[in-house]
Each structure stands twice: as structure tokens, then as C-alpha cells.
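Okay, so here's the structure we're looking at.
What follows draws every value from the coordinates through simple rules; no lab data is involved. Just so it is clear, the model here is predicted, and its values are computed rather than measured. Note that we place each Cβ from the backbone using ideal geometry, even for glycine, and neighbour counts take in every protein chain shown.
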Ligand SMILES: Cc1cc2nc3c(=O)[nH]c(=O)nc-3n(C[C@H](O)[C@H](O)[C@H](O)COP(=O)(O)OP(=O)(O)OC[C@H]3O[C@@H](n4cnc5c(N)ncnc54)[C@H](O)[C@@H]3O)c2cc1C
């Protein structure tokens, strides 16, 4: 496995960093403050070719691969985890349709997602579920040439802008199936958008599915195989979350270096204090470890390998790194870090979600252990 970045990977990393500095950085605090869906930035990201990096050209992706997908997310997350997460959450539905969709579904739904013209929500979670499919209560009942979807979903991100929804529901055989749903369908209601501690502006909402008629041809993959679709797709989302965590931690490190260099303590730069150097050394080392684990998993996915265990390991480490590094950065910034005048508190709040969404850290540990026990 070769970790030297290719010319294309370097080029995409630079493009994403420039986009983040020019377009995302100036908007990050406002998106966080208002919790508003940044539709203009989504359109700009599409123009910059930052969606569909991992998808092949026949579906209007760039064919650049999963490493480029991770590199772009890492760079954008240095400016705003929310904006980076839009790419990663969109990739859940992209992966589901790419791997399991019919040719017609790919042409109809995947190509506009890959071009960034449309974004998609991916709705599995319900009030009681976590990742347990047995607890799903949303029903898909066959009727004539369609399925009638009825139930409630929660924490569905990208809801305000989504033109496509991949929805998981129990069919009449009591198995979970996946459906591609048009959010403008009659009965599709965004009931409430959450006010969250972090990842604000990601449009994470509660959905009420009130007898939505979904054409039979929008069943995604085989009937009853929804949980397989969820697991495979979520691995790509988790890879994106690893990159979000690394990017956020890197931003916290750079802000800490800058702050400590310029903050005088007893006539010297704070950066001269051994305790601060110890924090910096710890932060940089842990970020590097998380980064290479992330790149390793991305490279494995590019090679077509199963990443379930490895992405669980990477997300466990990268998310803990983000939480710890942003905490150390907060400590280095002292009282200023605790104010809203400095971005550290946003990074600190954003970092926490990486241990929670798309499989909590406790279950990641179980997945790793289970892979060693079999
Ligand atoms: C910002 C954000 C965006 C999200 N976006 C989406 C989205 O787009 N689509 C979607 O479907 N969902 C989304 N989610 C939902 C998210 O993926 C789930 O909430 C997450 O998987 C955790 O599930 P839960 O909240 O039900 O936690 P629970 O399963 O209730 O777990 C709560 C806690 O219990 C413990 N626990 C639970 N199960 C176990 C176990 N088996 N072993 C040990 N400990 C355990 C852990 O400590 C865990 O943290 C989002 C959530 C957030 C916060």
C-alpha cells in the first residue's frame, strides 16, 4: 500500500484547501451561530467539483477515489466541520445507490448527486433505534405498483436542501428494505430541525412519513437487504467522519500554535513553556496517527477491500483524537478559548459528534473485538 499522494490527490487536496480558505472560512462562524443550511456553499462546492470525488465518471463522478474524498473532507473540515460533513453525509446515499441501485436508479438519482446538483438525506435512525434494525418501526406496505411508507425518522441530516432521500423501513416480511424517496412527495414532512450543540447548519431533522406512495421501481437493491445496504454505505460515511475529525483537530493545533506563539507569559512567548510544548507535541503526534489510519482505510476502500473493522478502528482513534486535541487547544487558549470570540469553542463542540454519529464509539470497539474473536 503506497501512501505517497499522487499528483491528482495533491491537486484535489490543494483545491479543497483553497476552497475552504476562500469560501468556507469566512462563513463558518455564521453557519454555526444561525444553524442555517448553507445552500450557497453547497452550490459552490458543486461548481468546484468537490462532490462525487469517489464515484466513477460514468455517473458523473470524478473517478478520483476514496482517498481524494477523504482528503477533500479533511481540508474543508479545517474550516468548518459542518460544510465538510455535507460531502460525507451525501456520500452515504451515493454509496447506497452506486453499490445497490439499478442502472436506471443510478442514471436518475446518482448522477445529479455526483455533480452536486442534488443532495440526499439518508434516514435510518428512529427515536428508539440507534443502529439496531430490529427496533425500526417505519413500515413499507406493498400496494398496487408502490410501497406506502409510514413512520417517523429522526436525526436525518441535509434535510432542508435534499432532493433525494434514502429511507429504511420494515417491509411486509418484517425485514428492512431501502427505498429511494422524493422528499417533495405528498406526506413527506420535515417535522422539526434539531438545535444541536455542534455540527450546526447540517440540517439534522425529524421526519414524519405520512403514507408516502413510493413507486416499486424505487426499491433500492433486493427486498429485505436494507441492513446490508446500511452497513456498507455507513462505512463510507464513517471514513468521511475520520477525515472530519482529523481536519478539525489539525485546525485546533494550528490555532493553538498561533495563539501560544503570540501570547506573552512573563516576558516570553507562551510557546516557550515546556507544558505548552508538551501539549503541542502530543496533539501533533495523535493527529498524525489518526490521519494515517484514515488514509490507510481510504486506500483499502480504493482497492475494493472490506473496511468494516478498519474504519471502526480509525473512527475510534480519530474521533477520540479530535475530542482530546480540541480540549487541549481550549486549555492552551485559556479563558479566550472559552469565549465565542475565538473559534476553538466551536471546534470543541463539533469534535464531540464524531464519537456519536454513524455508530457510537462503544459499538466501534465491539466491532473491532468481534473481528478478532471470529
Ligand atoms: C449531528 C447528527 C447527525 C446525524 N445524522 C444522521 C443521518 O443523516 N441519518 C441517520 O439515520 N442518523 C443520523 N444521526 C443519528 C446517529 O447516527 C445515531 O443517533 C447514532 O448512531 C447513535 O444512536 P442513538 O442516538 O440511538 O444512540 P443509542 O444507541 O441510544 O446509544 C446511546 C449510548 O448508549 C450506549 N450504547 C448503545 N448501544 C450500545 C451497545 N450495543 N454496546 C455498548 N454501549 C451501547 C453508548 O454509550 C451510546 O453512546 C445523526 C446524529 C447526529 C447527532
Q: Compute the distribution of all C-alpha to C-alpha distances in the stretch 120-224, in bins of 5 Å from 0, and list the percent of pairs in each, rounded to whole numbers.
A: 3, 14, 25, 26, 18, 9, 3, 1, 0
Q. How do 316, 372 rank when sorted from fewest to most other Cβ atoms within 10 Å of their own Cβ?
A. 372, 316
(Q) Please compute the Kirkwood hydrodynamic radius over the stretch 181-241, one decimal place, Å, based on all pairs of different Cα atoms. (A) 14.2
**Q.** Theoretical ellipticity at 222 nm over the chain - DSSP helices of four or more residues, -39500 (n - 2.57) apiece, nearest 500
**A.** -17000 deg cm²/dmol
Q: Would you mind pulling out the separation of the Cα centroids of the stretch 331-374 and the stretch 1-51, in Å?
A: 21
Q) Ranking 47, 67 by Cβ neighbours within 10 Å, fewest first, what do you get? A) 47, 67
Q. Quick one: helix 226-262 against the long Cα principal axis of the chain, what's the angle to the nearest 10°, folded into 0 to 90?
A. 20
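Could you check how many percent of all C-alpha pairs in the stretch 7-114 are farther apart than 24 Å?
Summing the P(r) tail past 24 Å for the stretch 7-114 gives 23 percent.
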Q | the chain: angle of helix 25-34 to the longest principal axis, Cα-based, in degrees nearest 10 | A | 60
(Q) Rounded to whole Å, give me the distance from the Cα center of the stretch 76-95 to that of the stretch 128-153. (A) 26
(Q) For the chain, set up a GNM with springs between Cα atoms under 10 Å and report which of 237, 49, 267 has the largest fluctuation. (A) 267
Q.
Compute for the chain: radius of gyration divided by Kirkwood radius, i.e. Rg/Rh, restricted to C-alpha atoms, rounded to two decimals.
A. 0.99
(Q) For a Förster distance of 35 Å, can you work out the FRET efficiency between the beta-carbons of residue 258 and residue 131, rounded to the nearest 0.05? (A) 0.35
Q) Suppose R0 equals 41 Å; then what is the FRET efficiency for residue 40 and residue 152 from their Cβ-Cβ distance, rounded to the nearest 0.05? A) 0.85
Q: Throw me the Rg/Rh for the stretch 242-364, computed over C-alpha atoms with Kirkwood Rh, two decimals.
A: 1.05
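List the relative contact order of the chain as a percent without decimals, with contacts defined as Cα pairs under 8 Å and 6+ residues apart.
Dividing the mean separation by the residue count of the chain yields 17 percent.
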Q) If one takes the longest principal axis of the Cα atoms in the chain, at what angle in degrees, from 0 to 90 and to the nearest 10, does the Cα axis of helix 66-77 lie? A) 60
Q | Extension reserve of the residue 22-residue 7 stretch, reckoned as 0.36 nm per residue once the Cα distance is removed | A | 3.2 nm
